[in-house]
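Asks: First, the structure itself, so that you have it in front of you.
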Amino acid sequence: MTVIKAKAVIFDMDGVIVDSEPNIMEAKQNVLHKYGVYKPLSYHFKFMGMSFRDIWAQTRQELDLPASTEQLMAEYFEEVAQVRAKNGLQSIAGTVEFIKALAQNDFKLALASSSPLADIEEVLTTFGIKELFSAVISGAELAHPKPAPDIFLLAMEKLGVKAAESLVVEDSVNGVKAGLAAGAQLLVFNDPRYNPNRQIEGVNLVTTMTNLKVGPEKISY
C-alpha cells in the first residue's frame, strides 16, 4: 500500500473529474474534417492538458490550416457544445466519491483546469461538487497555462499551502509537467484508453480512481 500525506488536493478537470476527452476529440475531428484533414484520434493525445488557444495555434501550424487560431477556436467551441449536448457529461468513475471523501476529511480543495471557466462551472454544478472547492482557476485566463506551473502555484497560494503539502491530481503529460514544476506531489490517473503503457518517474500512478482511500491528511491506494 502506498500512502500520500497532504493537506490540500488540486484537481485537473478534463480526464480526471469529467470523462470529456471523447467529446473533445470528436469535436476536434469535426473541425479538421471541415478542412479536409483526417487524423487518427491518437494525433490529439499530445495536446491533452494544454489550453485550447495553444492547441489550435499548434494544430494550425502543424497542419497548415488556412483559418486563424481564433476562427478555429470558435468553430471548435461550437462543435464541442453540439457534441456535449448529444453525448452528455459523464464522470470518471470514482473521482466524485474521492472528492467528497477528501472534503469530509477536511482537505483543502482546488480545481485548476485549462478549460474555460464556463465549462468548469457546468461540470462542477452537474456533479454537485462546486461548493466543495475553495478555489477554482481556469488556465484560459492565465498568461502561461500548462505545462507552465503557474496555475498550480496560484492554486496553492489561494489555498494557503506549500507545495510539499499539496497533491496535484492529473492525467495529461502537460499537466504532469506543470505539477512537477510547481514542486507538488503528483497522483496521475493513467487512463488505459490513452496511455496504456505509460511510466512516469517521481509520481503516484494509478489506472483507476475507484480504489483511493482517504483519512486525515493522508490518501492511500
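Asks: Looking only at region 23-45, count every residue that is surrounded by 14 or more Cβ atoms within 10 Å (Cβ to Cβ), in contact (Cβ under 8 Å) with a residue 24 or more places away in the chain and not in a loop (DSSP other than H, G, I, E, B) and tell me the total.
Replies: Selection size over region 23-45: 9.
Asks: Considering only residues of region 110-142 that are small (Gly, Ala, Ser) and in a loop (DSSP other than H, G, I, E, B), which is surrounded by the most Cβ atoms within 10 Å (Cβ to Cβ)?
Replies: From region 110-142, those small (Gly, Ala, Ser) are 110, 112-115, 118, 128, 134-135, 138-140; that's our starting set.
Subset that is in a loop (DSSP other than H, G, I, E, B): 114-115, 128, 134.
Details: 114: 29, 115: 22, 128: 10, 134: 16.
By that ranking, first place goes to 114.
Asks: Just give me the residues in region 81-108 being closer than 18 Å to residue 156 by Cα and either touching a strand residue (DSSP E or B) at 6+ places or on another chain (Cβ under 6 Å) or exposed (fewer than 15 other Cβ atoms within 10 Å of the Cβ) (or both), in sequence order. It would help to see each step written out before you state the result.
Replies: Pass one, region 81-108, residues closer than 18 Å to residue 156 by Cα: 99, 102-103, 106-108.
Those that are closer than 18 Å to residue 156 by Cα and either touching a strand residue (DSSP E or B) at 6+ places or on another chain (Cβ under 6 Å) or exposed (fewer than 15 other Cβ atoms within 10 Å of the Cβ) (or both): 102, 106, 107, 108.
Asks: State whether the residues of region 61-77 include one that is at pLDDT below 95, among the aliphatic types (A, V, I, L, M) and not assigned by TED's automatic domain parsing to the domain that holds residue 194.
Replies: No, because not a single residue in region 61-77 is at pLDDT below 95, among the aliphatic types (A, V, I, L, M) and not assigned by TED's automatic domain parsing to the domain that holds residue 194.
Asks: If you check residue 151 against the conditions, is it crowded, with 23+ Cβ neighbours inside 10 Å, closer than 27 Å to residue 81 by Cα and without any contact (Cβ under 8 Å) to a residue 60 or more places away in the chain?
Replies: yes
Asks: Residue check, residue 166 against (1) surrounded by 19 or more Cβ atoms within 10 Å (Cβ to Cβ); (2) in contact with a helix residue (DSSP H, G or I) (Cβ under 7 Å, 6 or more places away or on another chain); (3) within 18 Å of residue 14 (Cα to Cα), all met but one. Which one?
Replies: (3)
Asks: Find all pairs meeting these conditions: Cβ atoms under 6 angstrom apart; at least six residues apart or on different chains; first residue within region 80-93 and free of Cβ contacts under 8 Å to residues at least 60 places away in the same chain; second residue in a helix (DSSP H, G or I).
Replies: 80/27
Asks: Follow-up. Checking residue 55 against (1) in contact with a strand residue (DSSP E or B) (Cβ under 6 Å, 6 or more places away or on another chain); (2) of a type in the set (A, V, I, L, M, F, W, C); (3) within 19 Å of residue 172 (Cα to Cα), only one condition comes out false. Which one?
Replies: (1)
Asks: Looking for whichever is of a type in the set (Lys, Arg) and modelled with pLDDT under 95 here; the options are 100, 177. Which one fits?
Replies: Matching residue, one of 100, 177: 177.
Asks: I'm trying to understand the selection: among the residues of region 65-109, which are assigned to a strand (DSSP E or B) and not polar (S, T, N, Q)? Full working, then the answer.
Replies: As a first pass, look at region 65-109 and keep what is assigned to a strand (DSSP E or B): 91, 108-109.
Once the filter is applied, which keeps residues that are assigned to a strand (DSSP E or B) and not polar (S, T, N, Q), region 65-109 yields 108, 109.
Asks: May I pose another question? Please specify each residue of region 67-116 satisfying the condition of being touching a Leu at 6+ places or on another chain (Cβ under 8 Å) and under 22 Å from residue 172 (Cβ atoms).
Replies: Selection gives 72, 94, 98, 99, 102, 109, 110, 111, 112.
The values are calculated or read from the model by the stated rules, or taken from the named source; none is laboratory data. Everything numeric in this text was worked out from a predicted model, so none of it was measured. For neighbour counting, all protein chains shown are included, and Cβ atoms are generated from backbone atoms with ideal geometry for every residue, glycine included.
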